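Asks: This is the structure I have questions about; it appears just below.
The values are calculated or read from the model by the stated rules, or taken from the named source; none is laboratory data. Here the structure is a predicted model, which is why all the values come from computation and not from measurement. Note: ideal-geometry Cβ built from the backbone for every residue, glycine included; neighbour counts use all protein chains shown. These accessible areas exclude ligands, DNA and RNA; they are computed on the full protein's heavy atoms, side chains included. Shrake-Rupley method; radii C 1.70, N 1.55, O 1.52, S 1.80 Å.
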Amino acid sequence: NSFCTLLAGAVLRGGMSSILVATASYDRHIKLWRVHPVEQTRSFNFSQDSHVNCLCVSPDRTRLAAAGYTTIKVYDLTALMGDGSSAHAQQQTVVSQSQDNGHTANVTAIGFVRSVQGAHMLYSISEDGTWKLWDTRAPGLRLKRVVDVKEPLNCGVLLHNSMIVAGGQLGTIGVWSLNASTDQKNPDGLIDSVTVQSEDPAVRSVALTPGGDVLVAATNSGHVYVLAISKAIGPNAGSKADGATKPSDEGDAEKDAEAPGPSDTVARAASELPNVSVFTSGTDTKGQGASPQVRGGQGHLQLLWTFEAHSRYVLKCCVSPNGAMLCTTSADCSVNLWRVPEELPKLAEQSSSGGGVPEPRTDKWTLVRSITSHQRWVWDCAFSRCSLYVVTASSDHTGRLWQIESGKLEANFSGHQKPVTCILLDDRRDS
């Protein structure tokens with residue numbers, strides 16, 4: 001059966017469809033969609049002063065968070081999906097231009113943190129060189145923690161619900177504890193940090209395998225780096241919490257030729273970071289050169305594999321829920337779907353258990369499918385829960401839903417007036 005046929009029979013719970021698709025754009029609007037038949041169900045303005053960089057939904061599917069330039073907003077998703085007249089019910093907002101504790105540049109990643117009290121904590125990562133932790137229960141977003149990395153941060157993800165993994169413009173990949181550190185020598189709670197060294201090392205996207213034992217990082221050079229995560233910082237290692245850089249223009253064709261980068265750069269050499277490993281790709285612009293090397297560090301992040309996924313910047317990477325596939329999107333306008341090698345879990349286990357790893361591999365993963373139908377940069381992607389479908393967002397003003405095996409276009413979400421910068425697909429069948 002096609003995905004659209006399955007969606008047609010989706011169970012409604014509390015007036016909310018079990019399928020949520022949302023897109024956001026440089027036109028400063030967020031749109032919610034029905035997939036079968038394709039229909040826009042809600043469209044609302046995010047901000048008069050900012051486009052949208054990223055979207056996320058809370059684990060209980062009651063809230064939708066969006067972030068852009070210096071701005072984070074949390075919406076009542078039940079009201080948005082229902083028949084209520086207000087599209088901004090119980091909206092919580094922090095705008096850093098008017099608050100001392102807000103971000104001062106693009107917010108590039110956000111996400112909810114689970115706790116026994118519910119997912120009331122929200123993390124944010126920004127080009128201003130900081131990541132922050134917020135309590136969403138206050139009338140506005142109340143700042144709980146801030147860590148100043150002093151390097152523009154382009155991406156980030158939550159590890160084991162207790163740590164932040166963030167990638168920076170200078171090639172840094174760091175892991176921090178969510179909770180404040182009591183160690184005066186390490187007040188930021190930095191667990192480990194590695195640095196990619198190449199001609200264009202900016203880390204554009206990071207993703208985790210379902211078990212959180214492998215990290216994938218994608219860079220401006222077009223390469224992906226696959227790292228094993230030590231069991232020493234496994235699910236019980238970090239303290240439990242209490243509770244994409246989009247360019248600064250509007251994505252015009254002539255601007256697409258420019259490398260994505262932060263609106264403000266805070267220079268910091270990798271050598272200034274504690275516990276630093278250095279990955280040297282040694283590749284030139286033609287993808288040829290010396291093998292990668294790793295040196296120094298605490299050993300919590302070990303390079304297993306690296307290969308060139310695209311000829312231009314990789315803008316997003318994500319791993320399928322079943323762990324079998326990696327999706328990468330690029331400035332070359334393509335979406336590549338790679339089969340995760342069967343030997344990767346064994347390599348990761350060997351490394352994370354302290355058994356050491358051989359020289360990092362550089363052979364390419366098997367390319368299952370390359371989707372080339374988008375006409376402009378492809379900024380974002382996400383898998384369906386069954387891992388058989390993927391959604392993409394592009395500067396060609398569209399979001400799209402694809403069947404991976406056949407490459408068939410199942411749905412085209414068209415209606416934005418400018419580049420679509422992010423897309424969200426939540427097809428959970430349970431609340």
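Asks: In whole Hz, with x marking every Gly and Pro, tabulate ³J(HN,Hα) for the range 45-51 from phi via Karplus 6.51 cos²θ - 1.76 cosθ + 1.60, θ = phi - 60°.
Replies: 7, 7, 6, 7, 10, 8, 7
Asks: From largest accessible area down, sort K31, K408; use a 1.4 Å probe on the protein chains.
Replies: Sorted by accessible area, descending: K408, K31.
Asks: Amide H neighbours of A309 under 5 Å, at least 5 residues apart or on other chains, H built in the peptide plane: list them.
Replies: Result for A309 returns H223, V224.
Asks: I'd like the distance separating the alpha-carbon centroids of the range 176-236 and the range 341-386, in whole Å.
Replies: Between the Cα centre of the range 176-236 and that of the range 341-386, the gap is 16 Å.
Asks: Quick one: how many Å² of D380 are accessible to a 1.4 Å probe, rounded to 10?
Replies: 10
Asks: Between L367 and N186, with labels modelled 7 Å along Cα→Cβ, what's the label distance in nm to one decimal, could you check?
Replies: 4.1
Asks: Spelling out what I want: for every residue of the range 140-145, take phi, set θ = phi - 60°, compute 6.51 cos²θ - 1.76 cosθ + 1.60 (Karplus), and round to whole Hz; glycine and proline get x.
Replies: For the range 140-145, the Karplus curve yields x, 7, 9, 6, 9, 7 Hz.
Asks: Can you classify the range 152-194 as rounded, prolate or oblate using the Cα gyration tensor, where a ≥ b ≥ c are the square roots of its eigenvalues, rounded means a/c under 1.5, and otherwise it's prolate if a/b beats b/c and oblate if not?
Replies: Numbers: a/c = 2.48, a/b = 1.41, b/c = 1.76.
Note, shape of the range 152-194 comes out oblate.
Asks: Give the accessible area for D396 in Å² (nearest 10); use a 1.4 Å probe, count only protein heavy atoms, and leave out ligands, DNA and RNA.
Replies: Looks like 30 Å² after rounding.
Asks: For the residue pair Q197 and S387, what label-to-label distance in nm results when each label sits 7 Å from Cα along the Cα-to-beta-carbon direction?
Replies: 3.6
Asks: Next question. Please work out the average accessible area per residue across the range 301-413, using the 1.4 Å probe convention, and give it in Å². Walk me through the numbers before you get to the answer.
Replies: Details: 4340 Å² over 113 residues.
Here the residues of the range 301-413 average 38 Å² of exposed surface.
Asks: OK, next. So what are the ³J(HN,Hα) numbers for the range 30-41, from phi and the Karplus equation (6.51, -1.76, 1.60; θ = phi - 60°), rounded to whole Hz, Gly and Pro as x?
Replies: Values, residue by residue: 10, 10, 9, 10, 8, 8, 9, x, 5, 8, 6, 9 Hz.
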